[in-house]
Amino acid sequence: MSLRRWTRLLGRWALTVLAAVTWFGAVCGLGLIFMTGTGALSDTTPGRMWAVWLLLVAACFLTLLADRTRPGGVLARHAESAGWEQADTDRRKWPWAEPVGGTIRVRQAWSFTAGGFPVTAGEVRWTGRAFGGATDDADGRGVVVVVHLSTPVPSMAYHVPFERIGDSPLLDRVELRKAFLTRRIPPWTIREQCLFTVEPAHEGITPALIGSAVRRARLVASLLDLTTEVRSNGRAGVAA
């Protein structure tokens with residue numbers, strides 16, 4: 001883990017711990033005042049009353065800062081400002097097959113347009129190698145990206161370590177194979193007129209992480225030349 005990531009992680013934890021300690025001190029101070037009599041609440045002379053009020057203000061401020069640095073909070077604010085539409089993860093039909101011996105749960109997702117493609121992206125968790133060769137990790141969490149294609153395409157995939165699925169001549173493209181072997185693109189799957197990728201994430205899901213995963217999924221579509229129909233329709237895209 002890089003020094004920058006450690007700094008961000010420790011910073012969030014430090015704010016959370018400081019907020020908890022400050023709230024504890026404020027509650028203890030109020031408890032002490034009530035124990036000495038409710039009349040002490042109207043007595044502004046003792047410095048302890050001022051100390052309690054300052055602790056309460058500091059606790060609220062630190063709690064607000066800790067929430068704003070939380071990855072979930074940062075992601076939610078970015079989604080709102082970017083105009084992303086919240087996706088119903090329970091009712092939406094996802095393009096992967098029903099997992100056998102494992103679980104797949106999309107915790108939160110948004111729909112938007114990127115590079116002319118309708119895209120759905122968000123946070124996913126899985127267990128028991130439910131995604132099979134669509135990802136390296138047997139269990140984990142990460143970013144799922146679903147690129148909705150404008151025209152039907154035969155089912156196909158490049159899975160790890162290097163498994164070609166399908167008999168489409170598109171799989172023979174040299175640039176596509178080279179990009180996969182050099183990890184410029186992640187493992188990908190086309191199924192039910194959707195191209196989807198799953199990229200593991202070992203930290204919080206951030207807007208930058210989703211943006212990177214969307215760009216890599218779009219690169220797969222570009223290498224397969226699936227952008228031709230989009231360009232011919234003249235659809236304008238909004239980058240993630």
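Condition first: of a type outside the set (A, V, I, L, M) and either surrounded by fewer than 16 Cβ atoms within 10 Å (Cβ to Cβ) or in contact (Cβ under 8 Å) with a residue 40 or more places away in the chain (or both). Now tell me which residues in region 83-98 satisfy that.
Gly83, Glu85, Gln86, Asp88, Asp90, Arg91, Arg92, Lys93, Trp94, Pro95, Trp96, Glu98, listed by residue number.
Tally time: how many residues in region 88-141 are more than 28 Å from Pro161 (Cβ to Cβ) and among the polar types (S, T, N, Q)?
So the count comes out to 4.
Determine if region 151-166 includes at least one residue that is more than 16 Å from Thr197 (Cα to Cα), free of Cβ contacts under 8 Å to residues at least 60 places away in the same chain, among the β-branched types (Val, Ile, Thr) and out of contact with any His (no Cβ under 9 Å at 6 or more places or on another chain).
Checked against the condition, which is being more than 16 Å from Thr197 (Cα to Cα), free of Cβ contacts under 8 Å to residues at least 60 places away in the same chain, among the β-branched types (Val, Ile, Thr) and out of contact with any His (no Cβ under 9 Å at 6 or more places or on another chain), region 151-166 yields no hits at all.
Just the residues that are touching a Pro at 6+ places or on another chain (Cβ under 9 Å) and open to solvent by less than 80 Å² (accessible area, probe 1.4 Å), please, taken from region 157-190.
Selection gives Ala157, Tyr158, His159, Val160, Gly166, Ser168, Leu170, Phe180, Thr189, Ile190.
In region 81-127, what residues are charged (D, E, K, R) and within 14 Å of the chain's Cα centre (by Cα)?
Arg105, Arg107, Glu123, Arg125
Between residues in region 206-223 that are in a helix (DSSP H, G or I) and residues that are among the charged types (D, E, K, R) and open to solvent by 40 Å² or more (accessible area, probe 1.4 Å), which pairs lie under 6 Å by C-beta distance while being six or more apart or on different chains?
Sorted first by the residue in region 206-223, then by its partner, the pairs are Leu223/Glu175.
The values are calculated or read from the model by the stated rules, or taken from the named source; none is laboratory data. As the structure is a prediction and not an experimental result, all values here were calculated from the model. Counting neighbours? That spans all protein chains shown, and the Cβs are built from the backbone with ideal geometry, glycine included. Just so you know, the surface numbers come from the protein's heavy atoms only, side chains and all, with ligands and any DNA or RNA stripped out. Shrake-Rupley method; radii C 1.70, N 1.55, O 1.52, S 1.80 Å.
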